[in-house]
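The structure under discussion appears below in the form of structure tokens.
The values are calculated or read from the model by the stated rules, or taken from the named source; none is laboratory data. Predicted model only: the values in this text are computed from it and were never measured. No Cβ is skipped: glycine too gets one built from the backbone with ideal geometry, and neighbour counts run over all protein chains shown.
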Protein chains: 2
Amino acid sequence: MEKGKAIRVAVNGYGVIGKRVADAVAAQDDMQLAGVADVTLDWRARIVTGKGFRLFGATTERAEAMAKSGLEVAGSLEDLLAGADIVVDCTPKHVATGNVETYRRKGIKFIVQGGEKHSVTGHSFVAEASYETALGRDCTRVVSCNTTSIVRTLSALKFAGLLARARGTLLRRATDPWESHLGGIMNTLVPEAEIPSHQGPDARSVDPDLDVITMAVKVPETLAHMHYWSVQLARKAEKDEILEAFCSSPRISLVRMSDGLTAINAIKELMADLGRPHDNLYEVALWSDMLKVEGDELFYAYMVDNQAIVIPETIDAIRALTGFQADARASIAQTNASLKIGQLNLRA
Amino acid sequence: MEKGKAIRVAVNGYGVIGKRVADAVAAQDDMQLAGVADVTLDWRARIVTGKGFRLFGATTERAEAMAKSGLEVAGSLEDLLAGADIVVDCTPKHVATGNVETYRRKGIKFIVQGGEKHSVTGHSFVAEASYETALGRDCTRVVSCNTTSIVRTLSALKFAGLLARARGTLLRRATDPWESHLGGIMNTLVPEAEIPSHQGPDARSVDPDLDVITMAVKVPETLAHMHYWSVQLARKAEKDEILEAFCSSPRISLVRMSDGLTAINAIKELMADLGRPHDNLYEVALWSDMLKVEGDELFYAYMVDNQAIVIPETIDAIRALTGFQADARASIAQTNASLKIGQLNLRA
């Protein structure tokens with residue numbers, strides 16, 4: 001690809017992740033949203049065209065049905081891919097697997113989401129840990145929301161020479177807010193059948209060095225996940241040193257119970273008050289006053305907005321694969337500025 | 001007290017715990033429910049008399065108001081205490097503190113609940129860990145539901161020589177089912193402000209040897225608490241050895257995800273199907289197939305019915321304080337038989 005030109009990005013699938021990726025791509029100086037492909041004929045499709053994004057049908061038949069229903073359609077997925085340098089697949093898991101064959105056949109670079117297996121791309125992406133190894137590759141997998149948060153936080157401890165091993169309990173939101181009418185759980189807790197849960201091993205697909213084990217339980221709320229961690233430090237440390245390590249990550253925000261941020265809904269409200277699209281919390285929101293160091297052990301909790309945390313990662317992954325930016329820190333800073341990550345100044 | 005005679009037990013406070021203690025006392029061969037004291041004039045008071053229990057007013061004035069409202073009242077708390085060998089205080093926290101002075105003045109043995117501080121009685125009770133030291137004492141404190149579960153499970157590991165240290169995350173039900181109209185939380189998670197949460201230190205009030213640290217978060221459900229534990233074992237062990245250790249506790253029931261008990265509501269439904277009063281789960285329900293041993297580390301999760309778990313402990317505490325039974329195992333077995341604890345045979 002030619003430097004200086006904008007990266008033409010196709011987004012395939014306009015769901016919870018796809019709509020946020022499309023907005024984030026449109027907000028980048030060095031990217032151009034080539035268009036969005038989907039199958040829907042309902043209000044969601046009209047949002048795409050209403051934003052001035054080009055809408056494509058996932059198939060030729062679907063594009064025809066869209067046109068017939070009165071939608072302004074620019075063509076099919078094939079047309080979209082023909083005019084793009086890279087495609088971000090945000091379709092449901094079973095659909096994505098089929099799409100990958102199409103991308104390979106077309107020879108277009110692609111990014112899949114964390115629902116896919118590591119083996120689909122052979123590379124798993126979290127900007128702060130694996131940007132460099134993604135440079136110039138044909139494809140990568142932006143890992144799931146929970147795994148992203150694990151890699152961000154444990155990498156911060158690892159880079160500071162503090163991490164020995166980490167054991168975490170994950171409280172998983174039962175469903176996404178906008179899909180809560182399709183079914184969730186009420187007034188109960190549903191443990192994941194297996195210990196360890198998959199997120200620990202998944203974090204090791206990004207960084208095999210991490211000694212991490214996770215357990216998970218589904219809780220009856222839709223806002224976000226919460227993680228509780230017990231970490232064996234590599235050595236005794238002071239709390240300040242730990243906070244400094246977490247602050248060295250550009251995508252961890254320290255928040256405080258004492259500042260009125262006493263629950264995950266309060267943090268979501270803060271995001272809304274900041275005017276962020278969809279009230280997105282892109283950062284890991286980690287409570288600094290709750291955090292406790294006991295000798296060589298560390299205990300803390302944080303919030304993960306499962307709808308938003310992977311969005312900046314996806315933007316960085318686009319730059320890494322296309323080789324538009326060789327420096328991870330530079331890409332992260334550019335993405336953060338565009339999404340106003342860091343505006344919070346909650347670290348004080 | 002004279003052996004052979006039934007222990008006359010007064011219950012002060014007919015709320016979530018008091019009503020269950022009263023039923024459990026009435027179910028004991030060696031106990032007699034002297035009566036129940038409360039302040040309520042509503043349907044709850046009629047339940048007391050409807051069961052054939054003697055109802056007392058918490059004060060003389062209250063007793064008069066009860067009589068005036070048409071309730072059959074046997075007198076005031078003073079009258080109740082005069083005809084009892086021991087009183088179980090099940091009143092709200094701020095009320096209990098004042099009651100303790102009354103009990104001491106009257107020279108009656110008493111039991112307070114886990115909401116009180118250890119210092120109120122100088123002794124904290126979990127039958128499997130501290131029955132012997134309660135023998136013949138004037139008073140004890142039956143620790144809270146969460147603490148009871150912690151002491152039961154960690155004691156089982158300790159007795160088997162397996163426990164080095166334990167780190168737990170507690171998901172706390174937001175309110176009791178019958179009080180859910182008075183307010184709870186919806187669609188959010190509310191972390192406890194402090195790490196460690198109080199339950200770890202509280203477990204050490206029963207057994208100072210336990211190396212335990214807890215973190216806690218309130219979840220939007222009313223059924224029960226759930227605990228997730230990471231345990232550093234004293235040595236490498238096989239899963240069978242761990243299960244055997246837990247089975248050695250008469251108040252831990254192993255349950256299985258593969259048996260359809262895949263959520264806490266399913267276990268509550270099992271209790272209802274077994275015909276237990278209030279669907280009480282007196283045991284710690286610990287998932288055996290979810291449990292995982294990794295070298296010298298152990299991971300597991302269990303359910304705690306906060307309304308029921310302390311009931312058998314309270315019955316044993318009555319026997320210990322009154323000296324009616326010097327042998328912890330004998331008291332536990334007697335209590336378990338009366339409440340049908342162990343009928344589940346879920347350990348297979």
| Looking at B:G136, is it over 25 Å from B:A330 (Cβ atoms) and not charged (D, E, K, R)? | no
| Does the stretch B:207-222 contain any residue that is crowded, with 17+ Cβ neighbours inside 10 Å, among the polar types (S, T, N, Q) and touching a His at 6+ places or on another chain (Cβ under 7 Å)? | no
| query | For the stretch B:251-285, how many residues meet the condition of being within 12 Å of chain A (Cβ to nearest Cβ) and either closer than 20 Å to B:T148 by Cβ or among the acidic types (D, E) (or both)? | reply | 7
| field | Residues satisfying the stated conditions in the stretch A:178-196, i.e. aliphatic (A, V, I, L, M) and at the interface with chain B (Cβ under 7 Å from one of its Cβ atoms) | value | A:L189, A:V190, A:A193, A:I195
| Hits in the stretch A:234-251 (condition: surrounded by fewer than 22 Cβ atoms within 10 Å (Cβ to Cβ) and not charged (D, E, K, R)) | A:A234, A:A237, A:L243, A:C247, A:S248, A:S249, A:P250
| message | Filter the stretch A:178-203 down to the residues that are surrounded by fewer than 18 Cβ atoms within 10 Å (Cβ to Cβ), part of a helix (DSSP H, G or I) and of a type outside the set (A, V, I, L, M) and list them by number. | response | A:W178, A:E179, A:S180, A:H181, A:P201
| field | Conditions (1) buried (at least 18 other Cβ atoms within 10 Å of the Cβ); (2) not assigned by TED's automatic domain parsing to the domain that holds B:N280; number of the one not met by B:D138 | value | (1)
| request: Go through the residues of the stretch A:142-165 one by one and say whether even a single one is within 14 Å of chain B (Cβ to nearest Cβ) and over 28 Å from A:S76 (Cα atoms). | output: yes
| query | So B:E269 fits all but one of (1) assigned by TED's automatic domain parsing to the domain that holds B:L223; (2) surrounded by fewer than 20 Cβ atoms within 10 Å (Cβ to Cβ); (3) touching a residue at least 24 places away in the same chain (Cβ under 8 Å); what number is the exception? | reply | (3)
| In the stretch A:210-227, what residues are closer than 18 Å to A:Q307 by Cβ, part of a strand (DSSP E or B) and within 7 Å of chain B (Cβ to nearest Cβ)? | A:V219, A:M226
| Members of the stretch B:167-177 that are within 30 Å of B:K239 (Cα to Cα) and surrounded by fewer than 24 Cβ atoms within 10 Å (Cβ to Cβ) | B:R172
| request: From (1) closer than 27 Å to B:T121 by Cβ; (2) among the hydrophobic types (A, V, I, L, M, F, W, C); (3) in contact with a Ser or Thr (Cβ under 9 Å, 6 or more places away or on another chain), pick out the condition that doesn't hold for B:L286. | output: (1)
| remark: Filtering the stretch B:90-130 down to residues that are over 18 Å from B:D202 (Cβ atoms), within 18 Å of the chain's Cα centre (by Cα) and modelled with pLDDT of 95 or more yields B:C90, B:T91, B:F110
| query | So B:G295 fits all but one of (1) at pLDDT 95 or above; (2) more than 14 Å from every other protein chain (Cβ to nearest Cβ); (3) surrounded by fewer than 22 Cβ atoms within 10 Å (Cβ to Cβ); what number is the exception? | reply | (2)
| message | Need pairs with beta-carbon distance below 6 Å; first residue free of Cβ contacts under 8 Å to residues at least 12 places away in the same chain and within the stretch A:14-39, second among the hydrophobic types (A, V, I, L, M, F, W, C) and surrounded by 23 or more Cβ atoms within 10 Å (Cβ to Cβ); sequence gap 6+ or separate chains. | response | none
